[in-house]
1. Distance check, please: which entries in 41/177; 115/204; 92/264 exceed 29 angstrom between their Cα atoms?
2. Which of the peptides 259-270, 66-77 is most tightly packed, and how do the rest follow, going by the mean number of other Cβ atoms within 10 Å of each residue?
3. Can you tell me, using C-alpha contacts under 8 Å and at least 6 residues apart, the relative contact order of the range 202-345 as a whole percent?
4. List the residues, sorted by chain then number, that are 5 or more residues from residue 77 or on another chain and whose placed amide H is less than 5 Å from its amide H.
5. Which aspartates and glutamates have a Cα less than 13 Å from the Cα of residue 265, not counting those fewer than 8 places away in the same chain?
6. Semi-axes, largest first, in whole Å: what does sqrt of 5 times each Cα gyration tensor eigenvalue give for the range 150-313?
7. What does the highest-first list of 197-207, 293-303 look like by mean Cβ count within 10 Å?
8. So what is the relative contact order of the chain, in percent, for Cα pairs below 8 Å that sit 6 or more residues apart?
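What follows draws every value from the coordinates through simple rules; no lab data is involved. Please read these numbers as outputs of a predicted model, since none were measured by experiment. All Cβ positions, even for glycine, are placed from backbone atoms using ideal geometry, and neighbour counts span all protein chains on display.
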Amino acid sequence: MKIKVAIVGATGYAGAEIVRLLYNHPNAEVTAVSSVSFEGKQLSEVYPAYKGFCDKVCENQSEVVDKADVVFAALPHGLSEALAKECDEKGKRFIDLGADFRLECEEDYQQWYEKSYDCPELHSKSVYCIPELFRQNVNKDSIIANPGCYPTSISLGLYPALEKGFVETEGIVIDSKSGVTGAGRGLSQTTHYPDCNEAFSPYKVAQHRHTPEIEQSLSHAANEPLKVTFVPHLLPVNRGIVSTMYARLKSGVTEDEVFAAYNKKYENEPFVRVLKKGAVANLKNVKYTNMCDISLHFDKRTNTLIVVSTIDNMVKGAAGQAIQNMNLIFGLPETTGLDLVPPAF
C-alpha cells in the first residue's frame with residue numbers, strides 16, 4: 001500500500017516541487033493538493049508542465065487532511081501550527097517546510113519572525129531534521145521541521161569542522177548565493193526580471209531570518225553557543241545555492257585531518273559528496289537533485305579553512321529533503337524516490 005500524501009500550498013515553488021518528485025516515488029502517491037490562490041483550478045492549469053502527470057484540483061485546506069497519511073505544508077511562517085495541530089489530533093504525520101517549528105527557542109522566533117507560538121505544546125513533538133545530522137532524534141510520531149535552504153547548505157558544510165573542534169567558533173563568516181526561486185512564487189521588485197537579470201547583489205545583510213537557524217545547528221555541532229556573520233546574495237539563476245564559509249583553523253590542525261574528518265562524517269551518506277583536493281563545488285553539478293557537494297580549501301597565509309557547499313535550493317533545500325524526511329519517518333530507505341541524476345550540462 002502506498003503512502004497517501006497531501007500537499008498544502010501546492011502551487012508555491014516548494015509545493016509544486018514535492019508534486020514533481022513524488023510522481024516517481026514508488027511508495028507514495030499524491031492524493032490531495034490545496035491552494036488558497038488557485039482553489040478550484042487543476043494544478044496543471046497553474047503549472048502546464050504537469051498536464052497529464054498531476055491534474056488534481058486544488059482544494060480547500062480543510063478538505064485534504066483526511067485524504068492523507070502525511071501532510072506537507074509549504075506555507076509562509078505563522079500558518080503551519082494550526083494545521084499541525086489538526087494533523088496531530090487525527091494521527092496524521094506532518095512535515096513543515098515553513099519556519100514555524102525550526103527554532104528551539106520561542107524568543108528567537110519572536111525576535112526574527114515577530115510572532116509567538118500559537119500551539120507551544122506541539123513544539124515538544126517537533127524535530128528539526130537535516131537527516132545527515134539529526135536523524136537520530138526522529139521517531140514515527142515526530143512533527144518534522146524541514147530545514148531552510150541556506151541552513152542546509154551551511155550546516156552540512158561546517159558541521160564536521162565544528163564537531164571535531166578544528167576551527168575557532170568566533171569570527172565565522174558565511175557568504176551564500178541563491179537562485180531566484182528561493183524568494184518564492186510571489187512577485188516583488190527584487191525578483192522582477194529587469195532588476196535581477198544581469199545583476200548580482202547581497203540582500204538582508206546580517207539580517208536574514210535564517211541566521212538563528214544556522215546558529216542553532218552550528219552551536220549543536222560545536223557544543224557551545226556561537227554567532228556567525230551571514231550575508232545572502234541573489235543570483236540571476238532559477239535554482240541552486242552556493243555557500244562559501246570562512247573559519248579560522250586552530251593551531252596544529254592539518255589539511256589531511258580536515259579531509260579525513262569530512263570523508264568519515266559523510267562516507268555513508270548517499271546525498272553528500274566530499275570532493276577531492278583541488279576540486280571546487282559548483283551548483284550546476286547538483287541541480288535537480290537531493291545532493292550536497294562540499295569542497296574544502298585552505299588559505300595557509302591566514303590559516304583559514306574555506307568550505308564551499310552547493311545544493312539545489314528547491315530539492316535538498318526544500319522538497320527533496322522533505323521527502324527524505326518522509327522516508328525516514330515511514331521506515332523507508334532515505335533514497336527512495338530521490339535517485340536523481342544531475343544534468344551534465
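1. Details: 41/177 34 Å; 115/204 19 Å; 92/264 36 Å.
In this structure, 41/177; 92/264 lie more than 29 Å apart at Cα.
2. The peptides rank, most packed first, as 66-77, 259-270.
3. Taking the mean separation of contacting Cα pairs over the length of the range 202-345, I get 22 percent.
4. Under 5 Å from the amide H of residue 77: 99.
5. 132, 163, 257
6. Values: eigenvalues 150, 61, 39 Å².
One finds semi-axes of 27, 18, 14 Å for the range 150-313.
7. The densest-packed peptide leads the list: 293-303, 197-207.
8. Numbers: 744 pairs, mean separation 57.9, N = 345.
So the answer I get is 17 percent.
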